[in-house]
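Engineer: My questions will all concern the structure given below.
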Amino acid sequence: MKSLAELKAIRDRAKAQLDLRKENPNAARVLVGMATCGIAAGARPVLNAFTEEIAKRGLTDSVTVTQTGCIGICQYEPVVEIEIPGEEKVTYVKVAPEMVPRIVNDHLVNHNVVTEFTIGAIQK
Amino acid sequence: MRELSLNVMDVAQNSVRAEASLVRITVEESEKDDRMKIEIADNGCGMTEEQVQQVIDPFFTTRTTRKVGLGVPLFKLSAEQTGGSFNIQSEKNVGTTTTAIYVPSHMDMTPLGDIDSTVKILIQCNPQIDFVFTHSTDLGSFTLDTRELREVLGDVSLDTPDVLEWIGQYLEENTQNIYGGASL
């Protein structure tokens, strides 16, 4: 069983990395829309997929994954916004967990927006 | 909503927006009594009697970006369609408690779904808030109290990836236990 002693060990390990993470003003942000509309459309597995993919690639110090509310485009949920400091904010729509590895790889790692998944592509 | 755990995530976010510092999520399942209770209690800003009536109305929302608010109405419907009941107790500046009672054997019962994932994401996305999650069945119960974790963690945040992984595994192991699964 998971014990609090184990948590203590995690704390000690995390403390060493803590400053790095806290003081990273250049951290990118992944915002997953998690209001009623987003949740109903399947935002939870998308958020989980981002968390897992970012952990797998060891990007946890430079990317934070968090939730946001409804931005008024409920018909395009799950909606994911990606903010990288110094770059234009990108809004991905109708995101499925299968699309996440590509968004992480192309956009967050290589700074190439996956245009076909963005809101601009769908509205044409 | 396909799972009740998604309703919980949705309604718990009302607590977050009400600036609660402590949110209690309780799931009590009893096969024996054919009853399930889901309760979300917070110490947020609370509502007046009039506001409580308003949130049950799907065409009311405090938001300005859209005209409908479906979170509470959907949650209420999920309980009432099984022959259960739904209640909101709220007091201004004290907090709000939302309780849904289900009759699980009813044909229109929505499955509880992945409640652990809901709890984990709530902690991940609101590391400044304390959550107390209690889940019980006829076989037993367990509690995850982030205040206890915080005591051990000191200034290490709850949303640290390794901590979240620990939380995920803790929930998984304990859930397995109260569902009568083999212990590892």
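Engineer: Could you tell me the convex hull volume per residue, in Å³, taken over the Cα atoms of chain A? Don't skip to the end; give the middle numbers.
Structural biologist: On the way: hull volume 15.8 nm³, N = 124.
Here the figure is 128 Å³ per residue.
Engineer: With springs only between Cα atoms under 10 Å, which of A:Ile54, A:Ile39, A:Ile103 fluctuates most in a Gaussian network model of chain A?
Structural biologist: A:Ile39
Engineer: Just to be sure I understand the curve: with the Debye formula and one point per C-alpha of region B:39-184, what is log10 I(q)/I(0) at q = 0.12, 0.14, 0.19 Å⁻¹?
Structural biologist: Debye intensities relative to I(0), on a log10 scale: -0.65, -0.88, -1.29.
Engineer: For region A:1-87, which GluC sites (Glu not before Pro) are in a loop by DSSP, counting at most 12 other Cβ atoms within 10 Å? Before the final figure, lay out the partial values.
Structural biologist: Numbers: sites: A:Glu6, A:Glu23, A:Glu52, A:Glu53, A:Glu81, A:Glu83, A:Glu87; in loops: A:Glu23, A:Glu87.
Answer in residue order: A:Glu23, A:Glu87.
Engineer: Quick one: grab the alpha carbon gyration tensor of the protein assembly as shown, order the square roots of its eigenvalues as a ≥ b ≥ c, and give me rounded if a/c is under 1.5, else prolate or oblate depending on whether a/b is larger than b/c. Intermediate values should be presented prior to the final figure.
Structural biologist: Values: a/c = 1.65, a/b = 1.19, b/c = 1.39.
The shape class here is oblate.
Engineer: Can you list the cysteines of chain A that have no other Cys Cβ under 4.7 Å away?
Structural biologist: Taking the Cβ cut-off of 4.7 Å, the unpaired cysteines of chain A are A:Cys70.
Engineer: Counting only other chains, and only Cβ atoms inside 10 Å, what mean value do you get across the residues of A:30-40? Don't jump to the answer; show the numbers that get you there.
Structural biologist: On the way: counts 0, 0, 2, 0, 7, 8, 16, 5, 2, 14, 8.
Average per residue, whole number: 6.
Engineer: Still on this structure: If you average the C-alpha positions of region B:34-103 and of region B:1-18 separately, how far apart do those two centres end up, in angstrom?
Structural biologist: 10
Engineer: Another one. For A:Gln67, list long-range residues whose amide hydrogen, built 1.01 Å from N in the peptide plane, is under 5 Å from its own amide hydrogen.
Structural biologist: HN-HN under 5 Å from A:Gln67: A:Val32.
Engineer: How big is the charge dipole of the protein assembly as shown about its Cα centre, in debye rounded to the nearest 20, if each Lys and Arg gets +1 on its Cβ and each Asp and Glu gets -1 on its Cβ? Spell out each step's value before the answer.
Structural biologist: Working: 29 positive and 44 negative charges, 128 e Å.
For the protein assembly as shown, the charge dipole is close to 620 debye.
Engineer: Going through region B:36-120, which chymotrypsin sites (Phe, Trp or Tyr not before Pro) have at most 16 other Cβ atoms within 10 Å and a DSSP loop state?
Structural biologist: Numbers: sites: B:Phe59, B:Phe60, B:Phe75, B:Phe86, B:Tyr102; in loops: B:Phe59, B:Phe60.
Here the chymotrypsin sites (Phe, Trp or Tyr not before Pro) that fit, given the DSSP loop and packing criteria, are B:Phe59, B:Phe60.
Engineer: Could you tell me how far the Cα centroid of region A:1-80 sits from the Cα centroid of region B:145-184, in Å?
Structural biologist: 17
Engineer: Given axes a ≥ b ≥ c from the Cα gyration tensor, I'd like to know whether region B:6-46 is rounded (a/c under 1.5), prolate (a/b larger than b/c) or oblate. Could the numbers behind the result be given before it?
Structural biologist: Numbers: a/c = 4.05, a/b = 2.48, b/c = 1.63.
Judged from the Cα gyration tensor, region B:6-46 comes out prolate (a/c at least 1.5, a/b above b/c).
Engineer: While we're on this one: Choose one of B:Pro104, B:Leu70, B:Pro161: the residue whose Cα lies farthest towards the positive end of the charge dipole of region B:4-178 (beta-carbon charges +1 Lys, Arg; -1 Asp, Glu; about the Cα centre).
Structural biologist: Checking the options against the dipole of region B:4-178, the answer is B:Leu70.
Engineer: Let me ask something else about it. Across region B:4-178, how many lysine pairs, 8 or more positions apart or on different chains, have C-alpha atoms separated by under 22 Å? Please give the number.
Structural biologist: Details: B:Lys37/B:Lys76; B:Lys37/B:Lys120; B:Lys67/B:Lys76; B:Lys76/B:Lys92.
Number of lysine pairs found: 4.
Read-outs: derived from the displayed coordinates by stated rules, not from any lab. Just so it is clear, the structure is predicted and the values come from calculations on it, not from any experiment. Cβ atoms come from the backbone with ideal geometry, glycine included; neighbour counts cover every protein chain shown.
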